[in-house]
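Asker: Structure provided below as structure tokens; questions to follow.
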């Protein structure tokens, strides 16, 4: 299977807006968000939708997955601001993934659900995380780029709970906050993690309060606009 990123324009810095999957004869891919299928080039019988298993119903609201076989071409749209990160797997994989970030996986990759600790279920409202095994590829969608962060077995890493996509199964993980009282009072919940290995993080989720603060006019500019004749023209 060939994976081709597609952008929304000709500019070099155009944002990735879709991904094209070219399936050869014998290839098959499972799409876990069928509503993102923009176009399919093939015969009707090459698409087969199935209800997900019981664990899948608990993990997400979209209960149907699509299996598409080759030879065919498939175009998957990405939500605005999201990017695709592909991982090649070779055998058993130690990472536990947030199921919501999984867009597709190839036929020979199998998923296994792993039950979370009760306190983590309550905090995240997620019962399961997913572990993969087999040879093939998985496609991960993230808000902004995906960054790898190396953990330390002694010094804890505090990771914003909104950023975490995947982590090694054998690391220590607990919900926490850090800093003084004021810091902990105004931050999102953090994952406190120690161990060996790397975590996958999304680093571009929107912050409405920051965008509003950056975009608002300064007090001086607003005063000049009101006081000076034609200020609305000169101080836009």
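Asker: So which pairs qualify, if the first residue must be in the stretch 91-106 and in contact (Cβ under 8 Å) with a residue 24 or more places away in the chain and at positive phi, the second must be part of a strand (DSSP E or B) and surrounded by fewer than 22 Cβ atoms within 10 Å (Cβ to Cβ), the Cβ gap must be under 8 Å, and the two must be at least 6 apart or on different chains?
Answerer: Within 8 Å, the pairs are 91/133; 91/134; 91/135.
Asker: For the stretch 1-38: of the residues being under 17 Å from residue 66 (Cβ atoms) and assigned to a loop (DSSP other than H, G, I, E, B), which is modelled with the lowest pLDDT?
Answerer: The extreme case among them is 1.
Asker: Kindly indicate the residue of the stretch 196-210 that is within 25 Å of residue 144 (Cβ to Cβ) and modelled with pLDDT of 80 or more and also nearest to the chain's Cα centre (by Cα) among those meeting that condition.
Answerer: Looking only at the stretch 196-210, we keep the residues that are within 25 Å of residue 144 (Cβ to Cβ), and these are 197-210.
Filter again for modelled with pLDDT of 80 or more, leaving 197-203.
Values: 197: 19, 198: 16, 199: 13, 200: 10, 201: 8, 202: 6, 203: 10 Å.
Within the stretch 196-210, the match that is nearest to the chain's Cα centre (by Cα) is 202.
Asker: Next up: Any residue in the stretch 69-87 that's at negative phi and surrounded by fewer than 16 Cβ atoms within 10 Å (Cβ to Cβ): show its pairings with residues that are at pLDDT 90 or above and assigned to a strand (DSSP E or B) at Cβ separation under 7 Å, as long as the two are six or more apart or on different chains.
Answerer: 71/23; 86/137; 86/139
Asker: Looking at the stretch 211-218, can you tell me whether even one residue there is at pLDDT 80 or above and on the phi < 0 side of the Ramachandran plot?
Answerer: No: zero hits.
Asker: Output the residues belonging to the stretch 178-196 that are touching a strand residue (DSSP E or B) at 6+ places or on another chain (Cβ under 6 Å) and surrounded by 11 or more Cβ atoms within 10 Å (Cβ to Cβ).
Answerer: Across the stretch 178-196, the qualifying residues are 178, 189, 190, 191, 192, 193, 194, 195.
Asker: Pick out the one residue from 140, 159 that is out of contact with any helix residue (DSSP H, G or I) (no Cβ under 7 Å at 6 or more places or on another chain) and modelled with pLDDT of 90 or more.
Answerer: 159
Asker: If residue 109 satisfies all but one of (1) buried (at least 16 other Cβ atoms within 10 Å of the Cβ); (2) within 13 Å of the chain's Cα centre (by Cα), what's the number of the condition it fails?
Answerer: (2)
Asker: Take residue 91 and tell me if it is modelled with pLDDT under 90 and within 16 Å of residue 138 (Cβ to Cβ).
Answerer: Yes.
Asker: State whether the residues of the stretch 118-140 include one that is under 11 Å from the mean Cα position of the chain (by Cα), surrounded by fewer than 16 Cβ atoms within 10 Å (Cβ to Cβ) and in a loop (DSSP other than H, G, I, E, B).
Answerer: No.
The values are calculated or read from the model by the stated rules, or taken from the named source; none is laboratory data. Nothing here was measured: the structure is a model prediction, and the numbers come from that model. Here Cβ is always computed from backbone atoms with ideal geometry, including for glycine, and neighbour counts include all displayed protein chains.
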